Ligand SMILES: NC(=O)c1ccc[n+]([C@@H]2O[C@H](COP(=O)([O-])OP(=O)(O)OC[C@H]3O[C@@H](n4cnc5c(N)ncnc54)[C@H](OP(=O)(O)O)[C@@H]3O)[C@@H](O)[C@H]2O)c1
């Protein structure tokens, strides 16, 4: 066990599965008390049980991150259960639009994707930033995507646009919160082999995709989790407003 996050309270939104669950495990491994979050209460409880079994301190909270009222309620639950949040990973999100030509994208898919990523991240920061600024400490990590780093005809544009905007939102928040001792950084991952992607992407396609990466493999939740833990920790004390491409070299900026 690495103790870089000893004594810290962390919340990872969308940690009932996938990348978020990987981040929750890593933050706990590095000593943080972790609030695990998602809408699927059974899945949240499973991750909490895993952290507790490994000797960590964890609580589970639920709520829709597209609702400010639900975010405020879950923030109060975390504060009651573990104390004020020092480390916030605004990870919940995903793509809610099938790939299509721009003119064929349904308006409701556009709105759901912007809401479920950009608006959700904005509302999450809006809920947690005031307390961090008041306490004069805190580290926030947002999650964008390589889809928001450059045009990619294979990626649905609502998703790429929402993720590109999350990067700017992050940098704006970093500029505002820096003078209060709060750091805000963003991770932009390429395709990550979560349990869902392992099931969804056929093995042959995974191998072909790996070939587009200089490091010749797809990413894992652990790859993102290590980067998130670094940005959250004091090892990154003079780093704020960066967009870190965690992509096996597939995106270089
Ligand atoms: N996987 C990739 O290849 C990849 C690449 C780049 C970026 N990303 C980004 O990384 C993040 C995690 O992706 P993932 O692949 O790990 O996703 P995932 O396996 O689909 O898990 C998504 C998580 O977010 C939660 N969530 C989603 N919308 C929510 C909402 N409105 N309210 C509350 N919780 C919500 C889900 O909770 P419940 O299921 O419990 O409801 C779940 O815990 C996302 O922001 C995604 O865009 C993923």
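Bear in mind these aren't lab numbers, they're just calculated from the coordinates by the rules spelled out. Predicted model, so just to flag it, every value in this text is computed and none were measured. Note: ideal-geometry Cβ built from the backbone for every residue, glycine included; neighbour counts use all protein chains shown.
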Q) Which of the residues belonging to the stretch 220-241 are touching a helix residue (DSSP H, G or I) at 6+ places or on another chain (Cβ under 8 Å) and either closer than 19 Å to residue 86 by Cβ or surrounded by fewer than 21 Cβ atoms within 10 Å (Cβ to Cβ) (or both)? A) 220, 222, 225, 226, 228, 229, 230, 232, 236, 239, 240, 241
Q. Within the stretch 171-216, can you find the residues that are exposed (fewer than 15 other Cβ atoms within 10 Å of the Cβ) and either in a loop (DSSP other than H, G, I, E, B) or touching a helix residue (DSSP H, G or I) at 6+ places or on another chain (Cβ under 6 Å) (or both)?
A. 181, 202, 211, 212, 214, 215, 216
Q: Mind listing whichever residues of the stretch 1-20 are near the ligand (Cβ under 7 Å from one of its atoms) and crowded, with 23+ Cβ neighbours inside 10 Å?
A: 13, 14, 15, 16, 19, 20
Q: Please work out which residue is farthest from residue 186 (Cα to Cα), limiting yourself to the stretch 23-40 and to residues that are surrounded by fewer than 24 Cβ atoms within 10 Å (Cβ to Cβ) and near the ligand (Cβ under 8 Å from one of its atoms).
A: 40
(Q) Given the criteria within 21 Å of residue 230 (Cα to Cα), near the ligand (Cβ under 8 Å from one of its atoms) and either assigned to a helix (DSSP H, G or I) or out of contact with any strand residue (DSSP E or B) (no Cβ under 6 Å at 6 or more places or on another chain) (or both), does residue 43 qualify? (A) no
Q: Enumerate the pairs (first residue in the stretch 40-63 and more than 18 Å from residue 87 (Cα to Cα); second residue anywhere and more than 10 Å from the ligand (Cβ to nearest atom) and part of a loop (DSSP other than H, G, I, E, B)) with beta-carbon separation below 8 Å, excluding pairs fewer than 6 apart on the same chain, so at least 6 apart or on different chains.
A: 55/1
